[in-house]
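Notes to accompany the following structure.
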Amino acid sequence: MRMRARPTADLPDDPRLPGLMAIRDSGLARAIPALGLEQGGGGVELVLCGYHPGARATLDARVGQRRFAVKTFADDPAPEAALYQALGAAGLAGDSGARVPPLLAWDRDLRVLVIGWLEGPTAHDLVKEGQGRHAGELGAQWVRRTASLPVKLGLPFGTAGMMHETRAWIGTLGTADLSVGAAARALAEALARTEPRDDGAVGLVHGTLYARHILDVGEGPGVIDWHRFGQGPAELDAGMFLATLSRLRLLHPAHTGEALRAEQAFLEGTRDLLDERALAWHRAAALLQLTERLPTAGRGDWRERAHALLGEATRLAERAAEPETLTPRQRPEVRFRAPALELVLQALSTRPATREELDQIRALLREGHDRAS
């Protein structure tokens with residue numbers, strides 16, 4: 001919805017979000033005077049583009065040629081404000097290269113952040129538009145960039161945290177459907193048996209690095225929505241990014257070929273950075289997390305979709321249990337562009353994949369890994 005930013009009842013009435021209430025009652029200019037909107041004159045146009053009742057809301061704000069995001073929270077946003085400041089100091093709030101939105105203003109009492117607006121299609125959109133390889137390259141560029149960041153903010157976030165959260169995910173799925181809950185429980189047990197040790201390199205992680213959270217901003221990737229950031233292994237973010245590609249491939253067969261191209265480009269771009277077994281584990285755990293949301297998505301075929309995601313996750317958990325003979329930086333380059341695989345992907349650029357073709361693609365990918373080993 002679009003509205004003028006003056007006292008209005010059009011925004012949600014949510015007392016747990018004091019910033020949203022202040023904007024609702026007084027307008028954006030008076031609620032956040034640090035933005036200097038009253039001095040500039042002209043109207044403010046607001047769009048409510050994200051709302052989680054009692055937790056947070058995001059507004060798309062436009063004032064003339066200016067555009068920015070206003071994020072209101074129930075919890076203290078000081079940690080996220082500090083993160084944006086630290087990332088800006090590290091050179092990620094500029095107009096070129098990998099970047100995050102710059103912090104424009106924040107109010108601790110109102111629990112509001114105002115950040116710049118990044119323009120560009122998401123990696124998810126790129127896959128759907130036939131630019132899968134570029135989407136994967138953007139994801140790889142971002143994971144590589146964050147691996148060298150000196151930012152040490154955020155709580156520890158690794159395998160132990162993921163295993164703790166699986167209990168809630170299993171409970172949700174089991175309540176919705178017994179068979180899906182049983183499959184989720186079996187997957188969680190496999191994850192517990194193959195849990196990697198968090199004794200490698202730890203750095204800043206986004207926490208929810210979905211393909212929708214990575215944007216093509218023209219000269220590199222831009223990454224938004226940092227409310228789940230922490231300190232953890234690079235495989236955690238990489239696993240989530242790949243899991244969202246798997247979800248796109250499995251639940252939307254028309255995009256199978258481009259989703260696979262994105263996956264290949266990402267793996268090629270991070271081949272000497274990530275541990276294969278840890279990556280498989282985090283990808284499987286991320287798929288379980290993504291499955292947990294299906295019962296509330298409002299689709300009648302959610303059970304079939306859930307079993308597809310859990311089946312993929314189970315195969316990944318089995319891969320995480322396989323012995324690894326090479327350390328990540330000893331691993332030679334993996335060449336996925338085998339002629340046979342390219343022919344299959346070319347065919348899938350115009351139609352969904354059959355089950356037999358998906359099996360063939362997996363076999364070709366495994367063959368490429370085996371040759372590289």
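Taking all protein chains into account, the per residue accessible area for the range 52-121 stands at 43 Å² (1.4 Å probe). Near LEU294: Cβ cut-off under 12 Å, other residues only, Lys/Arg at +1 and Asp/Glu at -1. The net charge is +1. Note on the range 103-234: with charges restricted to the Cβ of Lys and Arg (+1) and Asp and Glu (-1), its dipole about the Cα centre is near 300 debye. Computed on protein heavy atoms with a 1.4 Å probe, the accessible areas place THR256, THR314 in the order THR314, THR256, largest first. Once Lys and Arg get +1 and Asp and Glu get -1 on their Cβ, which of ALA259, LEU273, GLY298 lies farthest toward the positive end of the dipole of the range 251-328? Looking along the dipole axis, the top candidate is GLY298.
Using a 1.4 angstrom probe on the protein heavy atoms only, line up ARG62, ARG197 by accessible area, largest first.
On the way: ARG62 80, ARG197 190 Å².
Descending accessible area places them as ARG197, ARG62.
The overall shape of the range 27-128 is rounded: from the C-alpha gyration tensor, with semi-axes ordered a ≥ b ≥ c, the ratio a/c is less than 1.5. A 1.4 Å probe over all protein chains sorts ASP60, ASP95 by accessible area into ASP95, ASP60, starting with the largest. The residues packed around GLY88, meaning those with a beta-carbon under 15 Å from its beta-carbon, carry a net charge of 0 if Lys and Arg are +1 and Asp and Glu are -1.
Per atom type, the range 158-296 shows carbon and sulfur on 50% of its accessible surface, probed at 1.4 Å. Compute the signed sum of charges (Lys and Arg +1, Asp and Glu -1) over the other residues within less than 11 Å, Cβ to Cβ, of PRO18. Charge balance in the 11 Å sphere: 0.
Using a 1.4 Å probe on the protein heavy atoms, what percent of the accessible area of the range 1-130 belongs to carbon and sulfur?
Details: 2780 of 6080 Å².
Heavy-atom surface of the range 1-130 belonging to carbon and sulfur, 1.4 Å probe: 46 percent.
Over the range 167-239, accessible surface divided per residue gives 41 Å², non-protein components excluded, 1.4 Å probe. Taken along the Cα-to-beta-carbon direction at a fixed 7 Å, the label points for GLU129 and SER179 span 3.9 nm.
The values are calculated or read from the model by the stated rules, or taken from the named source; none is laboratory data. All of these numbers come straight from a predicted model, not from anything done at the bench. Quick reminder, even Gly has a Cβ in these numbers, built from the backbone with ideal geometry, and neighbours come from all protein chains shown. For the accessible areas, the whole protein counts, side chains as well, though only heavy atoms, and no ligand, DNA or RNA atoms are used. Shrake-Rupley method; radii C 1.70, N 1.55, O 1.52, S 1.80 Å.
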